[in-house]
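Data block below; observations after.
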Amino acid sequence: MKDASPQTIYLADYTVPAYHVDSVHLTFQLHPTATRVTSKIAFRPNPESADRAFYLHGEHMKLISARIDGQPVDVSLTPDGLTADVPDAPFIWEAEVEIDPQSNTALEGLYLSNGMFCTQCEAEGFRRITYYPDRPDVMSVFTVRIMSDLPVLLSNGNPTDSGDGWAEWHDPWPKPAYLFALVAGDLVAHSDSFTTSEGRDVALNIYVRADDIDKCAFGMEALKASMVWDERVYGRAYDLDIFNIVAVDDFNMGAMENKGLNIFNSSAVLASPETATDANFERIEAIIAHEYFHNWTGNRITCRDWFQLCLKEGLTVFRDQQFTADTRDPAVARINDVNALRGRQFREDAGPLSHAVRPDSFVEINNFYTATIYEKGAEIIRMLMTILGEEDYYKGLTEYFDRHDGQAVTIEDFFACFGDDDPRLAGFSRWWHQSGTPHVTIEQAWQGSELTLTARQETPPSAQQQHKEALPIPLAVGLIDADGRDLTPTSVLMLNDTTQSWTIDTRTTTPAWRDTNASASDQQNSDASDAPTLSLNRGFAAPIILHADQSENDLLRLMAHDSDTFSAWEAGRTLALNTLGDMARGIKTPSDAYVDAWCLSLRSEDRAPAFRALASALPSTMDIATHLKSQGHTPDPQAIYDARETLSQQFAEAAQDSLQRLFAQHQVTQSYRPDAEQSGKRALCGRILGLITRLDGGAEAAKQHANADNMTSQLTALGCLIGTEHATKSLEAFYQQWAHERLVIDKWFGIQIGQAAPADASKVAKFLTEHEAFNVKNPNRFRATLGALAANTAGFHTAGGSGYALLADWLITLDGINPQTTARMTSAFETWAMWDSARGEKMRVEMKRILSTPNLSSDTTEMITRILG
Ligand code: PHE
Ligand code: ZN
């Protein structure tokens, strides 16, 4: 949020900083409403800059005094900073400012959370702490002195000295201001240690409030595992004597990679078996890894400017995905990644907020921490590895670390480390510059035993980018015979042009693909049932939307037999989408063959329970809506909801005879561990419990809810019970049991709204915003309530529009408190053009109402303006 009127910033306008900063000394006299920050900064003119103007960013602070080389200096204040006349030589800037952490509800800069001082500086929060050139290409060494009576005083780097009521920290690694952090509070530490491959002994701490000390052990194990992994896989060791993590209750995002002092949303680090679900544990492990991995991809090498955000985020997400795949089940990990990509990034890229992974302009950088920059950014790195092969990929990364350590760089710098003239990478950089998800249409034609595969790509125009070019797309394909055996290993065919064809002779002993010119017109689809089946986009090697028009027989074969586990899941998903789409349109009922295959896969002993849990789940209402839209139909959320209900009921009845047996067979009997094996079994039992509930009205689930000794089982049961006669009693009991655990109460809020039937969702949400435990200032609680409403697709999009109105009311309220979280949540409206015109119009009316709010933040203004188009 800026007080000045919003301005668009362009990548093309980048200029190098006018001054380098050689060192920064900061002193904090902490006080809830009047913290004094004194800074002593050594500036040096940058010989590479023609500009000698001296400009420092600064917002929401009172300047007490300013000196240059010890002499008081007159400064000119601007709405978001200051200027001053400075010597044409190195000089020392000193300033004292006063800031008010307590009234800082935006949670950017220095703020208070439950009596604890903490900071959030990415992207532009440091300018709320002191006057500074707050841009990532200004890197410096920081020394920080904190004065406070609070017992724990932390900053970046290594502790150098401390005494009664003060502590000093020094960070030897030059860093941009966005990686600065400070914490002061009445905290306790869960401590451990680690010796790096380079022989450095590192003290590890997770700092929390005393009540939470029993929720740190898992995070600590995840941290050590991440440290080992980054040494083993990328050859990167940690570089300070201490690594601290702090849990904070009020936080806009998941976590932040500040050098040596990661600050975490408590939901992203605190976990015990009683209070956290398997999904929470898995997320915590991934976020701890992600923030730790940033130490090299983000901190040691950082971004030149914020247009390069994907340089650190896309790469670091890819690294945390690799870590999860190595630590848990790789196929399950990939399915989860793809579900998230489709649910958030494909959706974003298909709507008015579509933007390139490296955008050319932005108004508010906070609005660009998007699924596109993170998740699609990660997919691009994955394709790089697929195209180059692992060896050349890691060679390129090593080159990147060697060449750019200590620098603030661009995507071009990164890409050059892989040899930008490598013919295998021709055109590849378009992936960073072009927005939109490519659609790839596959046609197959048989001539005798020869199969010709023709692929055609098209990326639909978007508002920001009308003309789209062909992208180099790695198509990972397999071919399986009627018995489900692989005829070929997975081959990566490079689709570089708009249309390309490949041919394979399936009768040779080792069939292999060869390039062909476009397919001849007299070729025909094979209708022989023993013809081999194509397995396409194995492992989801490319982030594309595939149109392959495969027959139900082919999909059933892939679902049952594909050696690529991801593709087996994908075939089941395609069948489900086709079936549910047709059901929602009222044109077809599920085929017996599909229902049988579904039951078989639920029971299949050859597949891991975690996989079976995923494969038996139906695509989300939003996924089905998107699918219908892509076929040219206007989706009806209520009809989709009803179709999902009908099909689930049909599955429950079809599998009825085996449900109790499967449920008993996969119960975990050992003591709780949040690992892949146990959580897979619990996930499968959770799916089965949902089906059983459809048949027994909730008796089994009520039993599990009452007896559960871990949160996964308890919450799964509670979710099943919503909508049954047991709901009220169980919800009440759950609340009484967990009223003192805020992260559990977030779940209690979320599940009632998330699982509510469409007609109830906004009523339940409204009721809960009036609950004594609702707190608009806490982002987690706000998201658990209004975010859960937006995620309940059929409930949010009820025809009357009550969901839209309720969300708009609350976004208007939140904007005056926390613009960043408000702006992020406006994306609930990004799908307005997908629905019928009545719904679309109601959504637009609510957005215009938000936009007409006096003093609306620039964050929210930018988002709504872009969504309205
Ligand atoms: N850089 C953080 C991460 O990805 C995310 C973040 C951005 C946190 C902005 C706070 C503010 O890991
Ligand atoms: Zn990150």
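FYI, it's all coordinate maths here, none of it is from the lab. What you are looking at is a predicted structure, and each value in this text was computed from that prediction instead of being measured. Backbone-built Cβ (ideal geometry, glycine too); neighbour counts: all protein chains shown.
Quick notes on this structure:
- Approximate shape of region 386-515 as ellipsoid semi-axes (Cα gyration tensor, √5λ), whole Å, largest first: 33, 21, 11
- Seen through its C-alpha gyration tensor, with square-root eigenvalues sorted a ≥ b ≥ c, region 613-652 comes out oblate because a/c lies at 1.5 or above while a/b is not bigger than b/c.
- Antiparallel bridge percentage (DSSP; both residues within the chain; nearest 5): 80 percent
- Pairs of Cα atoms in the chain fall into 20 Å distance bins, from 0 up to the last occupied one, in shares of 14, 47, 33, 6, 0 percent.
- Evaluated with a Cβ-only charge set (Lys, Arg +1; Asp, Glu -1), the chain carries a dipole of roughly 1440 debye about its Cα centre, given to the nearest 20.
- Only helices enter the 222 nm calculation for the chain: every DSSP H run of n ≥ 4 contributes -39,500 (n - 2.57), and dividing by all residues gives -11500 deg cm²/dmol, rounded to 500.
- Cα centroid separation - region 69-88 against region 716-750, whole Å: 57 Å
- Considering only beta bridges that DSSP places wholly inside region 439-545, some 95 percent are antiparallel.
- Region 404-503: trypsin sites (Lys or Arg not before Pro) in DSSP coil with no more than 12 other Cβ atoms inside 10 Å: Arg485
- Measuring spread by the Cα atoms of region 54-119 yields a radius of gyration and Dmax of 14.4, 46 Å.
- GluC sites (Glu not before Pro) within region 34-136: DSSP coil, no more than 14 neighbouring Cβ in 10 Å: Glu48
- Cleavage-rule hits, GluC sites (Glu not before Pro), region 548-644, DSSP coil, Cβ neighbours within 10 Å at most 10: Glu605
- Descending principal axes extents, region 321-451, alpha-carbon based, whole Å: 59, 37, 34
- Packing order of peptides 440-451, 503-514, highest average first: 440-451, 503-514 (average count of other Cβ atoms within 10 Å over each peptide's residues).
- Entries of Lys681/Lys729; Lys175/Lys468; Lys259/Lys848; Lys703/Lys747 with Cα pairs more than 30 Å apart: Lys175/Lys468; Lys259/Lys848
- Residues whose amide H falls under 5 Å from that of Ser535, counting only those 5 or more places apart or on a different chain, are Gly478, Leu479, Ile480, with hydrogens built in the peptide plane.
- Sorted from greatest to least, the principal axis extents spanned by the alpha carbons of region 1-186 come out as 48, 35, 30 Å.
- Shown here are the Rg and Dmax of the Cα trace of region 439-545, at 14.8, 50 Å.
- Normalised convex hull volume, region 739-868, alpha-carbon set, Å³ per residue: 88 Å³
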